[in-house]
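S.K.: Here it is: the structure, laid out below.
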Amino acid sequence: MEKTILAHGKVNLYLKVTGKRSDGYHLLRSFFHKISLCDELTFFPTKANKITIKCSDPNVPLDESNLAVKAAKALAKITGCNRGVLINIVKHIPIGSGLGGGSSNAAATLLALNNLWKTKVRHEDLLKIALNLGADVPFFTSNYSAAWIEGIGEVILPVSVNSSLNMVLFKPDFPISSSTAFTNSKFNFVSGPNGKTLIEKLIGGDPFIVGATMQNDLQPWAFDCYRELAELKTSILRGNTKPIAVTMTGSGSTLMALYENSEASNKAYKELSNISKFVKVVTTLA
């Protein structure tokens, strides 16, 4: 019997790059928060020993470069499972947006197939598989809406949030590669403010405190390299409904505009829906 999972995207309310390991991986301190925007993945067991994928977005690769395919193959290899599956993805999270769509799809695949294939891999072992797929995948593999992340993504501290935040997402008509963003950005490699203090500010539910705390070390390079992003932020700030803060999420290219309440975010959406190819009202998950 098929299984359907909603794979939620995320925003980074805070992203600080604190160092770089000898193997090239960057060390992070970041606050991940899942959002209402999600992809829908349906898994159809097949008799043939083959992993295939379909997607509503023609820009999504259907070969082994797709993270969902990589996740399925990784689980099959580790467990010795020789079952097949057809994965159908209804895509709502833009690719190359910094919203974690690919990572979320990979995590959903691990969780769904571990159930469908009855491979009975323990959660801590699923997290190890997830980390090999990408730094963001372990967060999506765990069942919580927000977390403080450190290291290369393997240190995950779940946090409880008091309320949802109201945002409008703006993505221009181009993606940004995570590897390119990290390779070309210049970092000062300092740890920044106390983590506990930052977490307390970000989970308190006051959008003005959250807005004052929002930061992304990848944004300066992105704004210098893609002038359209800086211009897009200016256009958002010039709107009649003023956001509390506007910051890039992840490695971009999405800008997240934080508003005081749902009335303000919906009003801003109506005013600014034509300034970017992708504009979407979202809330963070409580």
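S.K.: Sort Tyr25, Tyr14, Tyr226 from largest to smallest accessible area, using a 1.4 Å probe on the heavy atoms of the protein chains.
M.R.: From most accessible down to least: Tyr25, Tyr226, Tyr14.
S.K.: Just to check I understand the Karplus step: with θ = phi - 60° and J = 6.51 cos²θ - 1.76 cosθ + 1.60, what whole-Hz values come out for segment 147-156, glycine and proline as x?
M.R.: So the Karplus estimates, Gly and Pro as x, are 7, 8, 10, 9, x, 9, x, 7, 9, 10 Hz.
S.K.: Note the full-extension length gain between Thr197 and Lys277 as 0.36 nm times their separation in residues minus their Cα-Cα distance, in nm to one decimal.
M.R.: 25.2 nm
S.K.: Compute a Gaussian network model of the chain, connecting alpha carbons closer than 10 Å, and tell me which residue from Pro58, Pro94, Pro172 fluctuates the most.
M.R.: Judging by the Gaussian network model, the answer is Pro58.
S.K.: Taking H placed 1.01 Å from N in the peptide plane, check which residues at least 5 places from Val85 or on another chain put their amide H under 5 Å from its amide H.
M.R.: Amide H to amide H, under 5 Å and 5 or more residues apart or across chains, Val85 pairs with Thr46, Lys50, Ile51, Thr52.
S.K.: Using Cα springs under 10 Å in a Gaussian network model of the chain, which residue among Gly192, Gly153, Gly96 shows the largest mean-square fluctuation?
M.R.: Gly192
S.K.: Follow-up. From the helices alone, meaning DSSP H stretches of at least four residues, give me the mean residue ellipticity at 222 nm for the chain, per-run term -39500 (n - 2.57), in deg cm²/dmol to the nearest 500.
M.R.: Helix-only estimate at 222 nm: -10000 deg cm²/dmol.
S.K.: Further question: DSSP loop (so not H, G, I, E, B), at most 13 other Cβ within 10 Å: list which trypsin sites (Lys or Arg not before Pro) in segment 45-142 pass both filters.
M.R.: Within segment 45-142, the qualifying trypsin sites (Lys or Arg not before Pro) (loop, at most 13 other Cβ atoms within 10 Å) are Lys47, Lys50, Lys118, Lys120, Arg122.
S.K.: Mean-square fluctuation check for the chain, GNM, Cα pairs under 10 Å: which of Met167, Met214, Met256 is largest?
M.R.: Met214
S.K.: Just the ratio, please: alpha-carbon radius of gyration of segment 135-175 over 2.2 N^0.38 Å, N its number of residues.
M.R.: Normalised Rg, Cα atoms only: 1.47.
S.K.: Which percent of the accessible heavy-atom area of segment 140-286 goes to carbon and sulfur, probe 1.4 angstrom?
M.R.: Reported share for carbon and sulfur atoms: 48 percent.
S.K.: Something else now. Quick one, can you get me the convex hull of the C-alpha atoms of the chain expressed as volume per residue in Å³?
M.R.: It comes to 126 Å³ per residue, whole-number rounded.
The values are calculated or read from the model by the stated rules, or taken from the named source; none is laboratory data. Remember, it's a predicted structure, so these values are computed and weren't measured experimentally. So basically every Cβ, Gly included, is an ideal-geometry build from the backbone, and we count neighbours across all protein chains shown. Just the protein is used for accessible areas: all its heavy atoms, side chains included, with ligands, DNA and RNA removed. Shrake-Rupley method; radii C 1.70, N 1.55, O 1.52, S 1.80 Å.
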